[in-house]
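Peer 1: Structure in structure tokens, see below.
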Amino acid sequence: MAKLFRAVIMGPPGSGKGTISERIAQRFGLTHLSSGDFVRENIAANTDAGVLAKTYIERGLLVPDHVMTRLLLPRLEEMTRHSWLMDGFPRTLAQAKALNSTCDLDLVISLNIPYETLKDRLSDRWIHPASGRVYNMGFNPPRVQGRDDISGEPLIHHDDDKPEALVARLRQYKDLAKPIINLYKSKGILHTFSGTDTDRIWPYINSLLSTKIPSTSQTDTQRIPMP
Ligand SMILES: Nc1nc2c(ncn2[C@H]2C[C@H](O)[C@@H](COP(=O)(O)OP(=O)(O)OP(=O)(O)O)O2)c(=O)[nH]1
Ligand SMILES: Nc1ncnc2c1ncn2[C@@H]1O[C@H](COP(=O)(O)OP(=O)(O)O)[C@@H](O)[C@H]1O
């Protein structure tokens, strides 16, 4: 069996983690794991961790570390046969340390995007709450305005994405991410990408991953047969 590949993607709100993760998942056949999706699944299923998590999310707070680790780490331990890319976790140094003791990460992608760009993107972000599908009126608009492409259901705009809330979210991200980034830097697995456009960052991420992910994990269609 090909060696498994484990990666984390980090970045402030709106930096394009979800968008880039989907591209990576499609191109390299990794499973895209999103901590937000795990939390939402647990809330929907009314698990103990979900009930607890909900009380924090409703107040716009991060879910405490012990709840997040209890929710996520067993799921990661089950993924013994899959290569994965985690988006949204770890968010704190304690979470990073807990993740460390569960698995060896191969690579961490950190997105470094200017504040003005984040503000513009998020003020234009629309979400389909049931699936988590994300649209941006300029970048990837829905086919029908205000409606999800697949279900046709209405899209919503998060209060969290308004500029006043964004400043606080960015400050919190910076404070919490700094020690995590330093940890991954010291392990030699951190790769930082800076820029204002996902489409311009993507080729660099694509070529980095092409050198790191064993070719057997990639889909066969990418191998061009010799004439
Ligand atoms: N105009 C523009 N919009 C972009 C670009 N890349 C992504 N977007 C859009 C898609 C979304 O509406 C919004 C934020 O992207 P994502 O939801 O992928 O970001 P991320 O997952 O980091 O945000 P989150 O942590 O969930 O708040 O920006 C870009 O290069 N240009
Ligand atoms: N690693 C984490 N640590 C703490 N809370 C988390 C974590 N991941 C997700 N959450 C909680 O779930 C919510 C939704 O997560 P996510 O989809 O990443 O959304 P957002 O981009 O709005 O932060 C977060 O606002 C937070 O309350």
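Peer 1: How about region 99-127: which of its residues are open to solvent by 50 Å² or more (accessible area, probe 1.4 Å) and small (G, A, S)?
Peer 2: Of everything in region 99-127, those that are open to solvent by 50 Å² or more (accessible area, probe 1.4 Å) and small (G, A, S) turn out to be S101, S123.
Peer 1: Also, I was wondering about something else. Only one of these is within 16 Å of ligand 1 (Cβ to nearest atom) and farther than 24 Å from K185 by Cβ: I20, I57, I43. Name it.
Peer 2: Matching residue, one of I20, I57, I43: I57.
Peer 1: List every residue pair whose Cβ atoms lie under 9 Å apart, where the two residues are 6 or more positions apart in sequence or sit on different chains, the first residue falls within region 183-207 and is on the phi > 0 side of the Ramachandran plot and in contact (Cβ under 8 Å) with a residue 40 or more places away in the chain, and the second residue, located anywhere, is assigned to a helix (DSSP H, G or I) and open to solvent by less than 50 Å² (accessible area, probe 1.4 Å).
Peer 2: Filtered contacts from region 183-207: G195/T117; G195/I201.
Peer 1: Yes or no: region 62-76 includes at least one residue that is more than 10 Å from ligand 2 (Cβ to nearest atom), of a type in the set (S, T, Y) and either open to solvent by 20 Å² or more (accessible area, probe 1.4 Å) or on the phi < 0 side of the Ramachandran plot (or both).
Peer 2: Checking region 62-76: not a single residue is more than 10 Å from ligand 2 (Cβ to nearest atom), of a type in the set (S, T, Y) and either open to solvent by 20 Å² or more (accessible area, probe 1.4 Å) or on the phi < 0 side of the Ramachandran plot (or both).
Peer 1: So if I check each of D199, D160, which one is farther than 13 Å from M10 by Cα, within 14 Å of ligand 1 (Cβ to nearest atom) and either open to solvent by 80 Å² or more (accessible area, probe 1.4 Å) or part of a strand (DSSP E or B) (or both)?
Peer 2: Answer to the selection: D199.
Yes or no, residue by residue, for (1) within 17 Å of the chain's Cα centre (by Cα); (2) of a type in the set (G, A, S); (3) surrounded by fewer than 17 Cβ atoms within 10 Å (Cβ to Cβ):
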residue	(1), (2), (3)
Q26	yes, no, yes
S35	yes, yes, no
D48	no, no, yes
A53	no, yes, no
T80	no, no, yes
L85	yes, no, no
R91	yes, no, no
P129	yes, no, yes
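The values are calculated or read from the model by the stated rules, or taken from the named source; none is laboratory data. From a predicted model like this one, the values you see are computed outputs, not experimental measurements. In this analysis, Cβ positions are derived from the backbone assuming ideal geometry, glycine residues included, and neighbour counts consider all displayed protein chains. With ligands, DNA and RNA removed, areas are computed over all heavy atoms of the protein, side chains included. Shrake-Rupley method; radii C 1.70, N 1.55, O 1.52, S 1.80 Å.
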